[in-house]
Every structure is written in structure tokens, then in C-alpha cells.
Amino acid sequence: MSLRASLARQGLDGVTLLVLPAALFIVALFIYPFLYGLVLSFEPKVGGWLANYAKFFSEPFLYTTISKTLLIAIPVTVLNVALSVPVALRVRLIAKPKLLTTILVIPITLGTVLVAEGMLNYMGPRGWFNRALLEFGLSSSPIRLIHNYWGVFLSLVITGFPFTFLLTLSYVTGVDPGLEQAGAMLGARSWDRFRTILLPLLVPGILITFCLSFVQAFSVFPSALLLGEPAGSTRVISIAAYTAAFEEYDASMASAIAMIMAAVQVAIVVALLAAQSLVYRGPAGGGKG
Amino acid sequence: MIRSQTAAERLWVWAVWLLVAFFIVNLLGLIATVVVNSFSTRWFTTWLPVGFTTRWYAAAWDEFQLGDVLITTFEVVGAVVVISGLLGVPAAYAMARREFRGKRFVMLLFLLPMVVPPITFGIPLATVLYKVGAAGSIWGVILANLVPTVPFVILVMIPFIQQIDPRMEAAARVFGAGTFRMFTNVLVPLLTPGILAALLLVLVRTIAMFELTFFTAGPTSQTLVVALYAAVSAAGVRAGQSVDAMAVVYMITTLAWLLLALRFVNPTQIVTRAKRA
């Protein structure tokens, strides 16, 4: 048998080679930079090979960025997922959801920078939001919603909720409606149908949605600068990495912070997936087969 | 059809829709303030501005060199769209049609850049691009933006390709077409709707891609979203209306393409990949 034929039997022929340019591109511009950054993080400007990491975990100004970021990212993700599930379960029942999904896709498309500029106007002390609160007597003085923790929080809801919702919707519409109808026919009320039929099928999908939304929220960057207190409660880890890279020109330290950022994200995602396999055993496909 | 019956259930349905309405009202209000402010003469303590004018648009056009910025934006986006199509579609074809050793590993390779947020891989990537001298130029920006878009095209295209009957390709082979001719004469025409959808989504995502461009752009390779960030973060230096005029230009650029894209794709696809065939 010729070499060509034996390779072809393993699925390696001219067509398979078409994957090479794209794969090499990703290796060169994603895998290599990541490994380069990892190595670079162990070659600090001054000190031994662990000096960057030692510095990060000994200076409160640096290591508190992890808890500050988690303090924003986790509540926002929990809220977005908790709102998305009931809304997606409703939207699934309407005949033409395209108008609604189109409106919700707008903030994702516009991006965080524009949402930040909009919020500075709309939620500022003289913006329409506060004006409406005063007008309806819901508050006696304007509420401060920008340049603090809540500014970043709300901007992550505005861009994050549509993202979480659309992901959840794609899982929810994947569940066979016949299953729920069968439950209804047997007399189950909507809460029981949700608890015993839909939720078990949706857990894997919700978990993946949670992980993806969390990773997005954890990497919040422009809105933390524009809408938060970049020196105070919203000094998130991405700001620390950015400062090291582009203000202190310490590529080694910046890489170390990027690696820490990646490690925290991976740790949370792995912990969630591990918790799922411990607590929950069910169909892995979410009924989507 | 399942109907809600008890009062509590009806109340719950109302609460859910009220929540959606509240979100949308605030979202539209947020966008509307930017538009209204960009046309206002002065706007302090009233619901609407004192008067309206269009002069901020001319001011913004000069102040922010919007002409140059728009040209750069379209150059970057155009190059990213074309290159990610050229790299992504053939790779998606191989992934859809062949089973080979290490395919799961290659799939993981393509999934990672889409799942890892740009800010995490952007800093090491920018470091490498500065080291080889690409960052700061328009090519650095293009290369950085390709990292998430090439895998995106692949993941969107795989189900489209799987829908095509492999006998079409077999027939082309029987008539003596090589891989290249089979691609140009058979596959690309059949795949046009899918390619169009994938590339329009790449376009929309690239216009709004802030982090990667911000890290790699130099003074002459800023795209619209980075220029907008610079203007917003330096608020106080310029008139707010002028910044908002630029924000409106950015919104129109993005939303026009979004509307075009939505003629070909489902909004859900902007965040998830295409449904399995």
C-alpha cells in the first residue's frame, strides 16, 4: 500500500490539509503568545523567577484586584442567569421572538464603550433615569449610579443580560416541548413542570451559560475605567494588567497578571463543572440530541 | 398549548414581561440620550435640551479626524473579514468532512480563542506583536482581530457544510475537478448564504472589538471604537455633545451592518454558533 493510501485510511489527505493554515495561525497567534507570556512572567525585571508573582500576592493594591473583580463578576453573573431563565422560558412560547431578540442584541453589538457613554448621560445625576425617579417621587435626591461600583455593575447587566439570555434561549428552545406537555397532561402545575422536567434538562446548559457569562464579566475592562472608580472599588484585575503593560511598560509583570487572571477564570469554571458532576447526574446533552 | 391558570401563575407571567419591558425602556432611553445630546445646543436641568443644532457633527468630524478613523476602521474590518473567510472556510470544510487523528485537539484549538476573553490573551499577544514590530501598525491590529474571528468562521461554517450532500462533491470529482476547482465551482456557490452570514457576523463583531484593537493600535491605526473610548475617557476636554456626535456615527456604522446581518442570520447566532443541522 502506498504511503498516500495508508494516510488516506487515517483520514489524512489533501482535504484534511486545508485545516492547516487556520490551525497554524491559531498556534502562532494564540498558543505561542500565551506560552511566551507564561515564560516571560517568570523572567521579571528585577528579582528571582517568582518575583512577579511574589509582588502580586504581597501588595494589597495588586492582590485585592482579584477579590474586587470577583465581587463584581459573581453577583452580576448570578443575577443575569437568574433573570435569563424565566425570561427565556416565556420568550420560547411566543410565536415571533425576532423583534425582541433583535432589540436585545443591540447592546452586545454596540459594545461596552458605547454603553458606558450612554450610561454617563442617562444615569448621571441630571439624566433621564434620575429625573424620572424624582418626578415619580421614588427618591428625594438623585441616586449616584455612575463613577462607583453600581456603574460597573449596571453596565455589565446591560451588556451581559442579553448575552446570557440569548445563550439560555438557545438551550431552552432545544428542549422538546412534548415533554412539558406530557407533564401538563398528567396534571403538573407550571412550577412543578419547571422543577421536575425543565430544570433537570437545563442544568448542563445553564451551567455552561454561567461559565461563559462569568468569564465575560470577570474580564470587564473599559466600563470599569469609564463608569467605575478605577482607583478604588472597581480597580479590577484587567486594569492592573493594563497599567503594568501600557503605563509601567513592564511586560513581564503584565504577563504574570494575565496568567493569574486566566488561572482564576479556569479555577472557577473547573470548580463549577466539578460541582456539577458531584451533585448532578443527568443527560449531558440537555435534551438537544 | 399549555395555558397558565392560577392567579399566581398569571402574576408571574406579568412580572416577567414587566421586567423585560423595564430593561428595554432603559436600554432605549440610554441610546436616545446619546442621540438627543448630540443634537442639543445646551442641556442642563430640563427633560429636553434648550435648542437643537447639527453643528456638533461638523465639530466632531474635524476634532476627532473621523474621516481618517473611518477609513482605518473599514480597512481593518475589510481585511479581517476577507482573511478570516479565506482561512476559516477551508478549515471548516476539512473539519466537517474528514475524521482524522487529533481532530478533537484541533477543535479545542479553535474553541479556546472564542472562550478565553480577549483581555486575557490580548496582553501576551500585544507583547509578542510589539516584539516582532507588527503592533502599532494597521497589520498588528488586523492580526490581533483575526485571532477570535478565524475560529468563529470555522464554528459557524461547520454545520452549513455538513448540510451539503457529499455526493455533490463526489460528482465534481468524477468529472475531474481538483480540490480547488471543486471549491470555486461547486462549494462556494452552494455555501454563499452561510459564508455571507458568517462574514457579516465577523464584520459586526470586529467593528465593536475594543480590547484587542486598543492594545495593538498606534496613533495612525485607531479604529472607531478606540477613538470613541479615547474621547469618552478624556471627557471634559471636549464638549460632551461632540463626543456624543461621534458616538452616533459609531452607532450608525455598527447598527447598519447589524440590520444587514440580521436579514441572513438569527440574532441568537451572534452569541451562539449556528444550530446543529
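Rounded if a/c is under 1.5, else prolate if a/b beats b/c, else oblate: with a ≥ b ≥ c from the C-alpha gyration tensor eigenvalues square-rooted, which is the stretch B:1-152?
Numbers: a/c = 2.94, a/b = 1.19, b/c = 2.46.
Here the stretch B:1-152 falls in the oblate category.
Setting aside same-chain residues fewer than 8 positions from A:K45, which aspartates and glutamates have a Cα under 19 Å from its Cα?
Answer for A:K45, where 19 Å is the Cα cut-off: A:E59, A:E247, A:E248, A:D250, listed by chain and number.
Going from most exposed to least, what order do B:S221, A:S2 have by accessible area with a 1.4 Å probe?
Numbers: B:S221 0, A:S2 65 Å².
These residues rank, largest area first, as A:S2, B:S221.
Once amide H atoms are built 1.01 Å from N in the peptide plane, which residues 5 or more positions from B:S40, or in another chain, come under 5 Å H to H?
B:T53
Any idea which of B:T53, B:I83, B:T72 is furthest toward the positive side of the dipole for the stretch B:1-111, if Lys and Arg beta-carbons carry +1 and Asp and Glu beta-carbons -1?
B:I83
Normalised by the number of residues in chain A, what is the relative contact order in percent for Cα pairs under 8 Å and 6+ residues apart?
For chain A, the relative contact order is 27 percent.
Under 19 Å Cα to Cα from A:K96, which aspartates and glutamates show up? Leave out anything in the same chain fewer than 8 places away.
A:D176
Which one, A:G178, A:G232, A:C211, is farthest towards the positive end of the dipole of the stretch A:90-244 when Lys and Arg carry +1 and Asp and Glu -1 on their Cβ?
A:G178
Given a Förster radius of 45 Å and the C-beta distance between B:R10 and A:L17 as r, what FRET efficiency does 1/(1 + (r/R0)^6) yield to the nearest 0.05?
Once the sixth-power term is evaluated, E becomes 0.15.
Note down the magnitude of the dipole of the stretch A:58-279 about its Cα centre, charges +1 on Lys and Arg C-beta and -1 on Asp and Glu C-beta and zero elsewhere, to the nearest 20 debye.
The dipole of the stretch A:58-279 has a size of about 800 debye.
What is the Cα radius of gyration of the protein assembly as shown over 2.2 N^0.38 Å, N being its residue count?
With N residues counted in the protein assembly as shown, Rg over 2.2 N^0.38 Å equals 1.02.
Per-residue Cβ counts within 10 Å, from other chains only, averaged over A:142-149: what number is that?
0
Other chains' Cβ within 10 Å of A:99-106 residues: what's the mean?
6
Relative contact order for chain B: what is it in percent, counting Cα pairs under 8 Å that are at least 6 residues apart? If you can, show how the numbers build up before the last one.
Values: 271 pairs, mean separation 78.0, N = 277.
The normalised contact order for chain B reaches 28 percent.
Could you state how much accessible area B:T220 has, in square angstrom rounded to the nearest 10, with a 1.4 Å probe and all protein chains kept in place?
Here the residue's solvent-accessible area equals roughly 120 Å².
Evaluate peptide B:28-38: per residue, the Cβ atoms of other protein chains within 10 Å of its Cβ; return the mean as an integer.
If you average over the peptide's residues, the count of other-chain Cβ atoms is 6.
Let me have the relative contact order for the stretch B:138-260, percent, based on Cα pairs under 8 Å that are six or more residues apart. Each step should come with its number before you reach the end.
On the way: 72 pairs, mean separation 40.2, N = 123.
With pairs under 8 Å counted, the relative contact order is 33 percent.
Where in chain B are the DSSP H helices whose C-alpha atoms run 15 Å or more along the long axis and whose mean Kyte hydropathy is at least -0.5?
B:7-38, B:66-97, B:103-115, B:118-131, B:138-162, B:188-208, B:240-262
Can you give the charge dipole size of the protein assembly as shown about its Cα centre, rounded to the nearest 20 debye, using +1 on the beta carbon of Lys and Arg and -1 on the beta carbon of Asp and Glu?
1640
Rounded, prolate or oblate: which fits chain A when a ≥ b ≥ c are the square roots of the eigenvalues of the alpha-carbon gyration tensor, with rounded for a/c under 1.5 and prolate only if a/b beats b/c?
oblate
I need the calculated FRET efficiency for the pair A:M185 and A:K45, taking r as the beta carbon distance and R₀ as 51 Å, to the nearest 0.05.
About 0.15, to the nearest 0.05.
Solvent-accessible area of A:T234, probe 1.4 Å, all protein chains present, reported in Å² to the nearest ten, please.
Around 0 Å² of this residue is reachable by solvent.
Rolling a 1.4 angstrom probe over the protein chains, ignoring ligands and nucleic acids, what is the accessible area of B:D62 in square angstrom, nearest 10?
Surface open to solvent at B:D62 totals about 110 Å².
Sorted by accessible area with a 1.4 angstrom probe, largest first, how do B:W47, B:W257 fall?
Result of the area sort, largest leading: B:W47, B:W257.
Just check the stretch B:56-270 against the gyration tensor rule for me: Cα atoms, a ≥ b ≥ c as the square roots of the eigenvalues, rounded for a/c under 1.5, and otherwise prolate or oblate depending on whether a/b exceeds b/c.
Prolate.
Using θ = phi - 60° and the Karplus curve 6.51 cos²θ - 1.76 cosθ + 1.60, what whole-Hz ³J(HN,Hα) does each residue of the stretch A:85-98 get, with Gly and Pro shown as x?
Working through the residues one at a time gives 4, x, 5, 5, 5, 6, 4, 4, 7, 7, 6, 10, x, 5 Hz.
The values are calculated or read from the model by the stated rules, or taken from the named source; none is laboratory data. No experiment lies behind these values; they were computed from the predicted model shown. Positions of Cβ are generated from backbone atoms using ideal geometry, with glycine treated the same way; all protein chains shown enter the neighbour counts. We work out accessible area using only protein heavy atoms, side chains counted, and drop any ligands, DNA or RNA first. Shrake-Rupley method; radii C 1.70, N 1.55, O 1.52, S 1.80 Å.
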